[in-house]
Structures are given as C-alpha cells and as structure tokens.
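Engineer: Here it is, the structure in full.
The values are calculated or read from the model by the stated rules, or taken from the named source; none is laboratory data. Keep in mind it's a predicted model, so treat the numbers as computed, not measured. Don't worry about glycine lacking a Cβ; one is built from the backbone with ideal geometry, like all the others, and counts go over all protein chains shown. All accessible areas refer to the heavy atoms of the entire protein, side chains included, with ligands and DNA or RNA removed. Shrake-Rupley method; radii C 1.70, N 1.55, O 1.52, S 1.80 Å.
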Amino acid sequence: MKEWQPSPKQRRVYNARQRYINSLGDPRSGKSEGFFHKGVRECFYQPGLKWLITRDSGTPLLNITYKHFFEKHIITPSMIIGGLDGITKKPWPIIPLVTGSEVHFVPYDEMDTTKGGGGEFGLILIEEAQRFSEKQWHYMDTRLSQQYGNGISPDGTRYISKIEYNGLWTTQNTAGRGYLYRIFTKEHPLSYYGNDPEFRGFKFYLFDNPYLKPEYVKAMMSKPEHIRRKLLGANEDPSEGLVFPDFTHAINVFQVDPLK
C-alpha cells in the first residue's frame, strides 16, 4: 500500500480541530484528499463514529472514494452493505469499518429535511459546497450531533464509545457561493489565520498539488482571463466578469447616493 504524502497545506487541514473547516480553491489542488485522510483517521481514533459524505450527486464521489478505501485495505467488497451495485441504487451504501465506524453516502436531494432525515453524524463532508444554499449548510449543522458511538475493540468486543470531536467540512471550487465567503471571512476574519476557535478556512492553488501533470497546469493557465478568474486563483467572487469579460463593478456600476 502506497503511503500518503500530504502537501504542506493538506497537512494543515489534516491537523485542524475546528468544528467548521472550509477548503476553497482550484480544481485538482488537493482539497478533498486532505479531508478524506482526516476522516479515515477520525473513524479509527473515535470508534463508532458516523461520517456522512454528501453532495448534489453522489455517484462520482462514490467511485473515487471506494477506490481510496480499497487501496488502504480498510474494507473488502463483501463488507459493503448492499454490495458494490448499491452505487446506482437506493438506499445509498454504508461502508462499515472494523472499529464500528460507518461512512454514509447520501446525496442531499435524497434526504427528507422536513423530517430531520439523515440521522445524527459525528462528521459531515459537503463536497462541491458552492452548489449548496446557506439554508442547506445550516441544516447539515443540525445533523452534526453524535455524542456516542457503537465501537468495536480489536478483540471484537462491542462497547459504547464517546465521540469527542465533531466536524462540518466543506470543499468548494473557485467563484463559489458568497455565503461561505461571508462566514469564513467577514464573520470570522481570523479563520484563514488559524486563530478562530470554531472556524478554519484554507485556500488551495494549483501549485499546492506537487503531483499534477505539467500539461494539466499548462492547459489551465492558458485559459482566457475571465475563465481563469472563474476556475483558478481561489477567487471568491461568483459573478464579476464571468458573462461579459470586460465587466467590472468599479467601472460599470453606478454608486447610489443614500442621501438622495
């Protein structure tokens, strides 16, 4: 099994202990990978932990994450409730780990939010969070309430374990929704410095992933400027210059005098 070699920024994500952690940045910059290994660690250090991985569409993420679990020899196909065919069927599969922890895959639109659907979890990872609304983000926070889990010791004994750490983690691509920018920057300005006790923000760039192929980086950097602003550079403005490349708020928007 190949040992994971985290980038410096992935290592900081891995070690962060805030309840709310957001990784914003360029495609293929390593945002999700840091959270995956962080979640696996918590599932072993906190037996009986329930970890929900969600996004607007579950299948692409399932395919990627299954591969990682098999590479780390955490599970075998026979351990998955519902079998591998469950990727494209309901209910969405649950991956049980040897510690009694569970990894759940439920796309957001499969949850009955009016009835508190989704249960309680110790960890929640929202992938592609720029596609979620602020209301959905706050709903997920209500599901982050697991205090105890059904752990399994190395000798097979089952016991009740206390869950010490809960985390609501989000990844988003550049030019994502403005509410996450507000939460992690304006409402909690110390989050990007690591000095906020509950919120931690990270910005990922192409150069943060040393394993990217040079031709991919060259292709991304050769895009027109208004496309690069949408895809690269951890830009948190979701609209300016994306439809009309020459549009800017500074030049094209009149400021209204509030006294008139």
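Engineer: When Ser161 is evaluated against the numbered criteria (1) at pLDDT below 85; (2) outside any loop (DSSP other than H, G, I, E, B), which criterion, by number, is the only one it fails?
Structural biologist: Result: Ser161 fails condition (1) only.
Engineer: Moving to a separate point now. Given (1) outside any loop (DSSP other than H, G, I, E, B); (2) at pLDDT 95 or above, identify the lone condition not met by Gln172.
Structural biologist: Unmet condition: (2).
Engineer: If I ask for residues that are at pLDDT below 85 and in a loop (DSSP other than H, G, I, E, B), which ones from the stretch 27-70 would you list?
Structural biologist: Residues satisfying the conditions are Pro27, Arg28, Arg55, Asp56, Ser57, Gly58.
Engineer: Conditions: (1) modelled with pLDDT of 70 or more; (2) within 23 Å of the chain's Cα centre (by Cα); (3) of a type in the set (Gly, Ala, Ser). Ser222 meets all but one. Number of the miss?
Structural biologist: (2)
Engineer: Looking at the stretch 175-193, which of the residues that are of a type in the set (A, V, I, L, M) and in a helix (DSSP H, G or I) is modelled with the highest pLDDT?
Structural biologist: My answer is Ile183.
Engineer: Another question, then. Report yes if some residue within the stretch 137-147 is at pLDDT 95 or above, under 15 Å from Lys50 (Cα atoms), part of a strand (DSSP E or B) and not basic (Lys, Arg); otherwise report no.
Structural biologist: no
Engineer: Further question on the same structure: Of all the residues that make up the stretch 194-213, how many are surrounded by fewer than 16 Cβ atoms within 10 Å (Cβ to Cβ) and either over 17 Å from Met140 (Cβ atoms) or at pLDDT below 90 (or both)?
Structural biologist: So the answer is 8.
Engineer: Examine the stretch 166-187 for a residue that is more than 16 Å from Gln46 (Cα to Cα), among the basic types (Lys, Arg) and open to solvent by less than 90 Å² (accessible area, probe 1.4 Å), and state whether such a residue exists.
Structural biologist: yes
Engineer: Restricting to the stretch 174-209, and then to whatever is touching a residue at least 24 places away in the same chain (Cβ under 8 Å) and among the aromatic types (Phe, Trp, Tyr), can you tell me which residue is farthest from Ser32 (Cα to Cα)?
Structural biologist: Tyr179
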